[in-house]
Amino acid sequence: MFLFYSLFLSLWIPFEQTSLTKINNSLVDLSTMNSQSSNNLKRIVIKNAHFYYEGTNTRVRFFGTNVCYDNSFPDKSLSMGIAQRLSQIGINVVRFHHMDNYNIWNQDQTALSKVALDKLHYFIYCLNQNGIYANINLHVSRVYKHEAFSKELQGIFLFGKSLDRFFEPFIQDQIQYARDLLGSYNNYTKYKISEDPGIAFIELNNENSIFDVIKNIERIRGTVFYDSLLFQWQNYLKEKFK
């Protein structure tokens, strides 16, 4: 088995990016595959468990990549070149991942940064201009601020996941972030993010399972998290078995 695995790894071919911007006269240019490249991308809809351009019978297949953390907010002088290069290597969707962690916030992390939002909006516009859709992630790795969310619990429930499926302050935090981000108006595309046809997907919460609460229920006993869960469970039972 080890010999087979080693042989398999030896057949891998390095795929190195030598440029973050479009390469002129490249031997490989797949940008023509993004036939929707224009000012107004068609919305993506689901029919028969497949993606289609809205109002057509044309199926869409996505080949994408992540941009994470501060890479979601490139300098505006680079954004168009990056988008062109992504299109050139065959990308037609970009997933904005972990951007809620730190870089999208103002200095004290109480509101979204206007500068970061402007960079994000422009980058999305540049992607759209090159036929590339966006996948917007909401809660991924921002740590919720709450006095009961101790360092110990943060180590158990990474970024507050699982707890934010039922703990009301964390839920309200998610709602406010979604309203602020998805309700922001993009001066370049002339759409709110929530209404932009170039936004193909929105992920509400990343890698978030209630089973982590089940596994660690004793770790939250005696906290507001346990009290909240117990209160909701008891209310559910009262309602169900009147």
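What nm distance separates the two modelled labels at Y69 and N187, each placed 7 Å from Cα along Cα→Cβ?
Here the answer is 2.9 nm between the modelled labels.
Taking 8 Å as the Cα distance limit and 6 or more residues as the minimum spacing, I'd like the relative contact order of the range 130-174 as a percentage.
Relative contact order of the range 130-174: 35 percent.
Checking the cross-link filter: which lysines have an alpha carbon closer than 27 Å to that of K215, excluding same-chain neighbours under 8 positions apart?
By straight Cα distance, K215 reaches K145, K151, K161, K238, K240.
Pop out the carbon and sulfur fraction of the accessible area of the chain as a percent, whole number, probe 1.4 Å.
55
Using a 1.4 Å probe and ignoring any ligands, DNA or RNA, find the accessible area of T56 and quote it in Å² to the nearest 10.
About 30 Å², rounded to the nearest 10.
Run the dipole for the range 103-211 about the Cα centre, Lys and Arg Cβ at +1, Asp and Glu Cβ at -1, nothing else charged, and hand back the magnitude in debye, nearest 20.
Roughly 200 debye, rounded to the nearest 20.
Ordering M33, M80 from largest to smallest accessible area (1.4 angstrom probe), what's the sequence?
Most to least solvent-accessible, the answer reads M33, M80.
Can you give the accessible area of W233, probe radius 1.4 Å, in Å² rounded to 10?
140
About the Cα centre of the range 46-136, how large is the charge dipole given +1 on each Lys and Arg Cβ and -1 on each Asp and Glu Cβ? Please answer in debye to the nearest 20.
Approximately 400 debye in magnitude.
Which value, in Å², gives the accessible area per residue of the chain when a 1.4 Å probe is used on the protein heavy atoms?
In whole numbers, the chain has 62 Å² accessible per residue.
Leaving ligands and nucleic acids out of the surface, order F231, F73 by accessible area at 1.4 Å, largest first.
Order by accessible area, largest first: F231, F73.
Calculate the length of the line joining the C-alpha centroid of the range 163-242 to that of the range 67-106, in whole Å.
Here the two parts' Cα centres lie 25 Å apart.
Give me the percent of DSSP beta bridges within the range 100-242 that run antiparallel, rounded to the nearest 5.
40
Which whole-Hz couplings ³J(HN,Hα) result when phi for each residue of the range 221-234 is put into the Karplus expression 6.51 cos²θ - 1.76 cosθ + 1.60, θ = phi - 60°, listed in order with x for Gly and Pro?
Coupling constants for the range 221-234: 4, x, 10, 5, 5, 5, 4, 5, 5, 5, 4, 5, 5, 5 Hz.
Answer with a single label: of (i) 156; (ii) 222; (iii) 170, which was calculated as volume of the Cα convex hull per residue in Å³ from the structure in view?
(ii)
Once label points are set 7 Å from the Cα along Cα→Cβ at both S194 and D118, what is their separation, rounded to one decimal in nm?
2.5
The values are calculated or read from the model by the stated rules, or taken from the named source; none is laboratory data. The structure displayed is predicted, hence computed values, not measured ones. Neighbour counts run over all protein chains shown; Cβ positions are idealised from the backbone, glycine included. Heavy atoms of the whole protein, side chains included, go into the accessibility calculation; ligands, DNA and RNA do not. Shrake-Rupley method; radii C 1.70, N 1.55, O 1.52, S 1.80 Å.
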